[in-house]
Each structure stands twice: as C-alpha cells, then as structure tokens.
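Report on the structure given below.
The values are calculated or read from the model by the stated rules, or taken from the named source; none is laboratory data. On a predicted model such as this, the values are computed, not experimentally measured, just so you know. As a convention, Cβ positions derive from the backbone with ideal geometry for all residues, glycine included, and neighbour counts pool all protein chains shown.
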Amino acid sequence: MTEKNVVENFITHVIDEDLANNKHDHVVTRFPPEPNGYLHIGHAKSICLNFGVAADYKGTCHLRFDDTNPEKESREYAESIQRDIKWLGFDWQENKFHASDYFEQLYDYAEQLINKGLAYVDDQTPEEIRENRGDFNRLGVDSPYRNRSVAENLELFKAMRAGDFADGTKVLRAKIDMQSGNINMRDPVIYRIKRMHHINTGDTWCIYPMYDFTHCLSDAIEGITHSLCTLEFEDHRPLYDWVIDNVDIGCHPQQIEFSRLNVSYTITSKRRLNQLVEAGVVDGWNDPRMSTLSGLRRRGYPPAAIREFIRQVGVSKKESVISMTVLEDTLRNYLNKTAPRVMGVLRPLKVVIENYPEEQVEMLSGANHPQDETFGCREIPFSRVIYVEQADYKENANRKFFRLTEGREVRLRHAYYITCQKAIKNQAGEVIELRCTYDPESRGGTADGRKVKGTIHWISAAHAEPVEVRLYDRLFNHPKPASLESFMDAVNPDSLEILPNALLEPGICKLDDDIVYQFERNAYFKRDKTHETDKPIYNQVVTMRDSWAKMEQESE
C-alpha cells in the first residue's frame, strides 16, 4: 500500500465525508502565496498539505499568486516561490493562476454588491476609518457616507477606476454590520486607490481589491472545494462566506483552518526575515542560516527530509511550537541512511609516521556506508605524512581520553594502529606536528588480538584536497525570538564559523555536487558550488549529535 502524503487528520475526515455524501466528486485545493518574499519552513506545511491532499485524493492543487498588493511584489519573489515548490517535490502542472487574472471579474462582483446596496464608496481618511471601526471593547460607528445611493456609489466607483481621485482619498467598503462582534465584519474595505505598477497587469489598474475580497472569489472562480488556511484566518471566515453568498457565483468553497508551523529558534515572518537581509545580518534570503526554503536548500537539506518532518508534525487546530530538535533529528535519521561516508579534516594537525617508507603510497579500501553494502567502497591513499584533527591530540591526557597523546596507540580509520611518540611545538608553545610510529601488521587487526579504544579519521597530506568548510549554528539564541521586544537582540553572534584550511580525501570534489556527505566523526556536509571562489566550499547541513536538546528543555 502506498504511503499517503498527509497523515489522517480532521481535514481528511471532512473531505472523506464530503466525498461520501457526493458533495464533491473531485478534490481541488490551492496554495496561494503572495509574491512579496521568499517561502520559509512554515510555508512548507501548507505546501505539503495542499498538494499532498490533492495527490492523496487524486485531485488537483492550484498554485495561485495573491498579487493584489503591487507595492511589495516582484517577479524575483514569484520565480523563487515556483523554484521552492518544485524543489520540495510538487508540481501544479497547468494550474498556475494569479489573482490578477480575475481583476475584471472582481470589479464586476464589486459592482454587483453596490447594485444590491451592499457596498459603498467612503471618503473618510484611513485614520478615520480605523477609528470609527472601533475595537474589541468599542462598537463601530457608521461612516457619514454609508447611506449614499446606489447610483452615486456606482458613479464614484467607476470614477475611482478611471483615475479621477488621488490615492487614499476614497475606498469601496462592504456594507455589513458596524455593530458586529467580529471586527472583520465592520464594513471592511474591499477596494483602494493605489497607483502602482503591477508585475502582471502593468499600469492597467489604479484600484486594487483587498485580500479578503479577492481570495474567496478567486477560490470560487477556480472551483476550489476545500480552502485550507492557517488559524489566523478563522475570524475572517464569516467575511469569506458573506462575500461569496452575496454575489452571483456558482461555487462556494469551504474554508478550513489549521495551525501554522512554528519551529523554535526560527523566525517565520517575511517582514522580519527581510529585516535580517536588509541589516546585513545574513547574506541574503538564501543564507544557510535562514528558515527560508531557499536557505535550507543551499545549506543541504534534502526535500524528502522536510516532507517527512511535516508528516511527523501532522495537522491540527492547536497552536504549538515544534522543537528545532525534531526537525534536526528527522534530518539526521534521513541522512544517516542516505549520505555516503568520507573523511574530512576540519582543523588539520600534521602527523609524520616516522617508520613508514617515505615514498610509499598504499591504496586502502573504505566502505561508503557502514550499514549499506549497496553504496560500495572507495580507494583511499595512505602515506607517511597525514593530517588528523587538532582535537584528536591532547598533551598529558588522562585515561579517559582515547585519542592521541604521548605513548598512546589509536587506530586510523580504514588503516593502521599508530602510536604518538612526541609533539613538536612552535615558539608560542602551540602543537604544530606529531611524530608517530605505526604497526605494519595492524591493518585489519593484530596477530596478538590487542584492541585500542580510539579510532580517528585522517587525510593523506600528499593527496588532500583543500576546501573551505562553513559551520552553522542556530541564527537565534532564544527559542522564541519573535516573542521578544526586539528579535534582533536574540541573533547568535556565533552562528557562522568559517574554516578556510579544511582538507578532504581526494576525488570527492569531482563527484555529484548534489550529494550530502557525512564527514566521519564531524557532521553532514554539502557542497555550495554556486558561492565558491578559489576553492570548494562545503556547508554543514547538520551536526552528528544534538547539542541543543538540554538547553531547549531548560528553556521550556
């Protein structure tokens, strides 16, 4: 049985009932992003849900751009959104639409409301409208222009479209109930004057419809059966239904709300993400520390791991914050199965094996994956001079340190046992080289059966490939940065460490750039070829172990 994209939940129960009752014979969903920024991890949940539900029910999912605010929208953002959706593994086929495709129809629907006495042109300033709408403790006050005649409203609305009035001087409002307990129903603005060039319609329009008016009608025009929205739109549902009920349209989609995806130590606000970019805290929307899908892609997150994370999180109506540990553990579990193993030394320390022949080079065999033989093996050159990690040597180490120190024997991964004889220091007292000896009979074990507790990785100096490694930590030090008065105060100053002198075993840089590798004993890495200059760059995807779990528990 094929595993479903979306785990059973309250939304699938509604769809099951609708299909059983013949309310619908085909499921149509939509993902409606506004092209005013890059998609982030929170959007991944909506993408996986809308496209996943459609796929599970052999239905259709539309990509529809909510392009009703030309001031903040661009083709760059629209193109990035399409790249991210396809990278995540979904395709809208021929079903790509724009709210702007329906501008003429939406205008006609607005005239319908005017003709029915359900919309009027208001001359109040934005500040006056805001004040007169009231709040949760104060009922709204009718606009002095609320009772204009149908004829006058039609004439004024047509004049708005013709460009006869300045920006902000008039709006079209739905005529609903200024006494409503739901502020969204207090005569919401449905059209405003805004002379802005539109990325699709150019300068054709100088009035643009508001989201709450556009979204529901776009759904209805496209025949959407189930309009899946995050919980902040729950209070907007009465308006969604009111607009559709009061125009002449043959389809009434059902809006269903679910909780949005919040992940600890991240920001999922496009406005705040843009602040990080504008302030130079990160080097763009696709910085590997960002929670954007393009940032996660550049860092090396496989899309299948993100989809699995979304499956595990599930769908509910209860707002919560998912621990970053859950995302990273899902990533580790996926990469543990799929990532080939190689050896990379991040902070090199020179080792000379004094009793190894100076000109000799051996080709040793290393398994590409210790638990999966289908990954095969590779040849690794071994020579007299190698590099190991600086952290794999400690002077005067105690018995619990199972790596290199004077007189102690360790095993080189895929190679021999070596014993550290002495350390060479520079004038500053820093260890710059180790002198060791090896046991020629220890490859694959020893005749006397002795065991060593430490195994370390290494790189042959003559064959090492210089690379730059970038280690990433969480961008924020606070689990809920958005809850702070200034989220910028929570930026982690140590979120990026660049290691310019790392070394990688030979041949790896020539292989497929799209592979995530496990640098044994270090972390998972992926090459960042599009941002390289003089040498290969490898981004740390995720660490081997979670060092934040305890901190998160203490902060809860």
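Which one is nearest to VAL27 (Cα to Cα) among residues in the range 220-276 that are outside the structural domain of LEU19 (by TED's automatic domain parsing) and in a helix (DSSP H, G or I)? Among them, the one singled out is LYS270.
Kindly indicate which of SER143, SER149, SER180 is in the same structural domain as THR68 (by TED's automatic domain parsing) and under 18 Å from VAL243 (Cβ atoms).
SER180
Being farther than 30 Å from ILE306 by Cβ, more than 43 Å from the chain's Cα centre (by Cα), at pLDDT 95 or above and outside any loop (DSSP other than H, G, I, E, B) holds for only one residue in ILE380, ILE418, and it is ILE418. Is there a residue being more than 27 Å from the chain's Cα centre (by Cα), at pLDDT below 95 and closer than 24 Å to GLY117 by Cα anywhere in the range 230-250? The answer is yes; a qualifying residue exists.
With the condition kept exactly as written, say whether any residue in the range 524-545 is surrounded by fewer than 16 Cβ atoms within 10 Å (Cβ to Cβ), more than 24 Å from the chain's Cα centre (by Cα) and free of Cβ contacts under 8 Å to residues at least 40 places away in the same chain. Yes, that holds for at least one residue.
So if I check each of THR68, THR60, THR12, which one is among the β-branched types (Val, Ile, Thr) and either under 19 Å from LEU261 (Cβ atoms) or assigned by TED's automatic domain parsing to the domain that holds ASN274 (or both)? Spell out the reasoning first.
On the way: THR68 fails: either under 19 Å from LEU261 (Cβ atoms) or assigned by TED's automatic domain parsing to the domain that holds ASN274 (or both); THR60 fails: either under 19 Å from LEU261 (Cβ atoms) or assigned by TED's automatic domain parsing to the domain that holds ASN274 (or both).
Every option except THR12 fails the conditions.
Can ALA397 be described as farther than 19 Å from GLU505 by Cβ and without any contact (Cβ under 8 Å) to a residue 60 or more places away in the chain?
Details: farther than 19 Å from GLU505 by Cβ: yes; without any contact (Cβ under 8 Å) to a residue 60 or more places away in the chain: yes.
Yes: the conditions hold for ALA397.
When THR419, THR446, THR405, THR437 are screened for being in contact (Cβ under 8 Å) with a residue 40 or more places away in the chain and farther than 28 Å from ILE515 by Cα, only THR437 passes.
Looking only at the range 152-175, count how many residues are farther than 22 Å from VAL243 by Cα and aromatic (Phe, Trp, Tyr). Spell out how you get there, then give the answer.
Of all residues in the range 152-175, those farther than 22 Å from VAL243 by Cα come to 159, 162-169.
Still in the list and also aromatic (Phe, Trp, Tyr): 165.
Of the residues in the range 152-175, 1 are farther than 22 Å from VAL243 by Cα and aromatic (Phe, Trp, Tyr).
Of all the residues in the range 1-45, those that are assigned to a strand (DSSP E or B) and closer than 17 Å to PRO253 by Cβ number 4.
Kindly list the number of the only condition in (1) at pLDDT 95 or above; (2) part of a loop (DSSP other than H, G, I, E, B) that fails for VAL452. All conditions pass for VAL452, except number (1).
Restricting the range 432-449 to residues that are in a loop (DSSP other than H, G, I, E, B) and under 14 Å from ARG413 (Cα atoms), the residue that is modelled with the highest pLDDT is SER442. Reported count of residues in the range 63-111, each being surrounded by fewer than 21 Cβ atoms within 10 Å (Cβ to Cβ), hydroxyl-bearing (Ser, Thr, Tyr) and not in a helix (DSSP H, G or I), is 1. Quick one: which residue in PHE165, PHE157 is in a helix (DSSP H, G or I), modelled with pLDDT of 95 or more, within 23 Å of GLU104 (Cβ to Cβ) and aromatic (Phe, Trp, Tyr)? Only one candidate qualifies: PHE157.
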